[in-house]
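Read the structure below first, then the notes.
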Amino acid sequence: MNEYIIYTTEGHTIAPNENIEVENCQVLGCAFGHNAYEAQENLLKENPWIIKANFKKSEFIVKQLA
């Protein structure tokens, strides 16, 4: 099995200086799977808070780790 990192551009972070807008990505987690789809499903099974927080699977970016 391979390990994948899953992140999204949804959400935001507030900088210490709240007058500055921060563009960033939210790391949702890492998961194992035979492919990216399986890793994404495994991550969601182990972390139901992701869907409860309204992150959308269609916005996920999934990259295999070396």
Inset, instruction - Evaluate the following for GLN40: is it surrounded by 10 or more Cβ atoms within 10 Å (Cβ to Cβ), free of Cβ contacts under 8 Å to residues at least 60 places away in the same chain, under 20 Å from MET1 (Cβ atoms) and in contact with a Gly (Cβ under 9 Å, 6 or more places away or on another chain)? - result: yes
Inset, instruction - Consider only pairs whose beta carbons are under 8 Å apart and that are at least six residues apart or on different chains; among these, list those whose first residue lies in the stretch 48-66 and is assigned to a loop (DSSP other than H, G, I, E, B) and whose second residue is of a type in the set (A, V, I, L, M, F, W, C). - result: PHE55/LEU28; PHE60/ILE6; PHE60/LEU28; LEU65/ILE5; LEU65/CYS30
Legend entry - Scope the stretch 1-34; condition loosely packed, with under 12 Cβ neighbours inside 10 Å and within 21 Å of ALA66 (Cβ to Cβ); matching residues: MET1, VAL27, HIS34
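Each value in this text was obtained by applying a stated rule to the coordinates, not by laboratory testing. All values derive from a computational prediction rather than experimental measurement. For neighbour counting, all protein chains shown are included, and Cβ atoms are generated from backbone atoms with ideal geometry for every residue, glycine included.
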